[in-house]
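The values are calculated or read from the model by the stated rules, or taken from the named source; none is laboratory data. Predicted, not measured: the structure shown is a model, and the values here were computed from it. Every residue, glycine among them, receives a Cβ derived from its backbone with ideal geometry; neighbour counts consider all protein chains shown.
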Amino acid sequence: MTELAQGFRNLRNPDPELLKRYSPLRGLVEIEHVAEMVAFLATDAAAGYHGAVINIDNGITAG
Amino acid sequence: MPAPSSMHGKAALITGAAAGLGRATALTLARAGADVCLVDINAGALEKTAQECRDIGVHALAYATDLSSADNCRAAVTAALESCGRLDALCNIAAVFIPCHSAEMNDIQWEKTLAVNLSAPFYLIQAALPQLLANKGAVVNVTSCAAHMGQAYLAGYTASKAALTHLTKSLAMEYMHQGIRLTA
């Protein structure tokens with residue numbers, strides 16, 4: 001998400017109110033935390049996960 | 001975090017591995033013992049990630065290509081198989097992210113976003129399917145909270161991620177009884 005947030009810097013005259021949606025109250029999620037989940041899902045330890053869509057967004061979609 | 005050696009003797013194809021989440025995932029899987037085939041359009045940075053994986057002690061192939069072509073996706077899977085001898089996991093992480101005013105988004109930007117974020121994962125899964133079915137392997141498609149929430153200035157990106165999320169779920173239904181796992 002850090003890189004994603006940086007991508008907005010090149011946007012001409014954005015409405016700042018509309019950019020707030022990707023500004024989680026708890027800060028941006030760490031890449032390492034997402035990588036650990038992606039790698040875990042790739043292993044047999046994740047045998048119970050099929051068709052699951054997992055949010056790792058530091059609370060963005062909480063409310 | 002995957003347990004050490006939990007991927008020993010297995011191989012993973014990871015797209016977007018030159019930087020960011022793709023690189024971090026490649027290193028995490030390498031630490032778990034996986035041989036890795038790393039794919040990205042940025043050849044220089046990709047080779048750096050590959051060397052970091054080799055330094056951990058696993059086999060690593062750096063395969064630089066543009067995933068916006070279906071043929072390139074298929075060739076990447078072929079290269080991974082030739083290099084690693086097998087394939088147990090496919091992590092679709094490469095993505096195109098172009099914030100812009102939708103009225104000004106040109107055809108190339110739109111088509112590239114859909115090609116890399118949505119079509120490439122489908123073509124890669126399709127090509128890897130025989131191996132993943134034989135090995136009871138896993139597909140992990142990295143989507144985004146943008147799949148669930150509309151976001152200004154990102155119509156192409158959010159649409160591609162919503163579609164990738166649903167692609168994951170529909171393939172999970174289609175392959176419900178065949179051992180392979182698909183998650184997002």
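Say whether the condition of being within 14 Å of another protein chain (Cβ to nearest Cβ) and assigned to a strand (DSSP E or B) is met by at least one residue in the stretch B:55-66.
To start, the set of residues in the stretch B:55-66 that are within 14 Å of another protein chain (Cβ to nearest Cβ) comprises B:56, B:58.
Now drop any that are not assigned to a strand (DSSP E or B), which leaves none.
Checked against the condition, which is being within 14 Å of another protein chain (Cβ to nearest Cβ) and assigned to a strand (DSSP E or B), the stretch B:55-66 yields no hits at all.
Consider the stretch B:1-36. How many of its residues are of a type in the set (D, E, K, R) and part of a loop (DSSP other than H, G, I, E, B)? Talk me through it step by step, then tell me what you get.
Of all residues in the stretch B:1-36, those of a type in the set (D, E, K, R) come to B:10, B:23, B:31, B:35.
Next cut, part of a loop (DSSP other than H, G, I, E, B) only: B:10.
So the answer is 1.
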Can you list residue pairs whose Cβ atoms sit under 7 Å apart, with the first residue in the stretch B:95-116 being more than 10 Å from chain A (Cβ to nearest Cβ) and the second being of a type in the set (D, E, K, R)? Count only pairs 6 or more apart in sequence or on different chains. B:Val96/B:Lys112
Could you grab me the full set of residues in the stretch A:24-39 that are of a type in the set (Asp, Glu) and modelled with pLDDT of 95 or more? A:Glu32, A:Glu36
Failed item, numbered, when A:Ile56 is tested on (1) farther than 18 Å from B:Thr165 by Cα; (2) crowded, with 16+ Cβ neighbours inside 10 Å; (3) under 12 Å from the mean Cα position of the chain (by Cα): (1)
As an exercise: evaluate B:Ala120 against (1) surrounded by fewer than 17 Cβ atoms within 10 Å (Cβ to Cβ); (2) under 20 Å from B:Tyr157 (Cα atoms) and give the number of the one condition it does not meet. (1)
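Hey, can you tell me all the residues within the stretch B:149-163 that are more than 10 Å from chain A (Cβ to nearest Cβ) and out of contact with any Gly (no Cβ under 9 Å at 6 or more places or on another chain)?
Result: B:Ala155, B:Gly156, B:Ala159, B:Ser160, B:Lys161, B:Ala162, B:Ala163.
Give me a count of the residues in the stretch B:149-160 that are over 12 Å from B:Ala95 (Cβ atoms) and either assigned to a helix (DSSP H, G or I) or hydroxyl-bearing (Ser, Thr, Tyr) (or both). Steps first, please.
Narrowing the stretch B:149-160 to residues over 12 Å from B:Ala95 (Cβ atoms): B:149-153, B:155, B:159.
Keeping just the survivors that are either assigned to a helix (DSSP H, G or I) or hydroxyl-bearing (Ser, Thr, Tyr) (or both) gives B:153, B:155, B:159.
Qualifying residue count for the region: 3.
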Quick check on the stretch B:47-68. Is at least one of its residues over 23 Å from A:Ala35 (Cα atoms) and out of contact with any strand residue (DSSP E or B) (no Cβ under 8 Å at 6 or more places or on another chain)? yes
Here the residues within the stretch A:16-63 that are part of a loop (DSSP other than H, G, I, E, B), at the interface with another protein chain (Cβ under 7 Å from one of its Cβ atoms) and not β-branched (Val, Ile, Thr) are A:Tyr49, A:His50, A:Gly51, A:Ala52, A:Asn55, A:Asp57
Please specify each residue of the stretch B:75-113 satisfying the condition of being under 17 Å from the mean Cα position of the chain (by Cα) and more than 12 Å from B:Leu13 (Cα to Cα). B:Ala75, B:Ala95, B:Val96, B:Phe97, B:Lys112, B:Thr113
Criterion violated by B:Ala146 - all others in (1) within 12 Å of chain A (Cβ to nearest Cβ); (2) at pLDDT 95 or above; (3) outside any loop (DSSP other than H, G, I, E, B) satisfied: (2)
Would you check which residues across the stretch B:10-45 are within 20 Å of B:Ala76 (Cα to Cα), more than 9 Å from every other protein chain (Cβ to nearest Cβ) and more than 14 Å from the chain's Cα centre (by Cα) and list them? B:Ala30, B:Asp35, B:Asn42, B:Ala43, B:Gly44, B:Ala45
